[in-house]
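Written out below as structure tokens is the structure these notes cover.
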Amino acid sequence: SLIYVINGPNLNLLGKRQPHIYGDETLVDVEAGCRRVASELGHEIRFHQSNREYEIIDWIHEAREDASGIVINPAAFTHTSVAILDALNTFEPPVIEVHISNVYKREPFRHHSFVSQRADGVIAGLGTEGYQLAVRSIATLIRATTR
Ligand code: DQA
């Protein structure tokens, strides 16, 4: 089945952006890793990134129609967006929140996540590998909830 992987603002610059924090893999590399793990497990990926909050909300609404799960790194919107939380609350299947960095080791304003209120699981601080772990975990949750 179909898994959406949704990325928030500035993640288009992954690999160039503060590599000491976010590593040197690009978002294209992340997408390839997600697709590889998903296909091993018999799933498909729809991969998105936007710097605009409304586009992320629209993709979550679209996911209501055809997705079996969402992996989301809302980036800075994690800490600000009630609207993304509200959108995720309209989506029934599993949701996993991913952060490349360990947000709890960083500035206090990164310690609160609106999205965690809804997420079934959260992965933080494991680098870009966290996305592959999230795809693997969401496949497990999909299996558990659809039989
Ligand atoms: C991030 C952490 C956020 O605090 C930050 O605003 C990001 C990326 C991460 O993946 O570590 O843009 O979500």
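Nothing in this text is a laboratory measurement; each read-out follows from the coordinates by a stated rule. Keep in mind that this is a model prediction, so the values were computed, not measured. Virtual Cβ from ideal backbone geometry, glycine too; neighbours counted across all protein chains shown.
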Task: CD proxy at 222 nm, helix term only [per DSSP H run n ≥ 4: -39500 (n - 2.57); per residue of the chain; nearest 500] - done: -11500 deg cm²/dmol
Task: Cα-derived Rg to Rh of the chain, Kirkwood definition - done: 0.93
- [ ] Give me VAL115, VAL37, VAL28, VAL95 ranked fewest to most by other Cβ atoms within 10 Å of their Cβ, as a rough exposure proxy.
- [x] VAL28, VAL37, VAL115, VAL95
Task: Packing-based exposure ordering (other Cβ within 10 Å, fewest first) of TYR131, TYR104 - done: TYR104, TYR131
TODO: Neighbouring Cβ atoms within 10 Å as the yardstick, rank THR145, THR26 fewest first.
DONE: THR145, THR26
TODO: Answer rounded, prolate or oblate for region 67-114, using the Cα gyration tensor with square roots of eigenvalues a ≥ b ≥ c: rounded when a/c is under 1.5, else prolate when a/b is larger than b/c, else oblate.
DONE: oblate
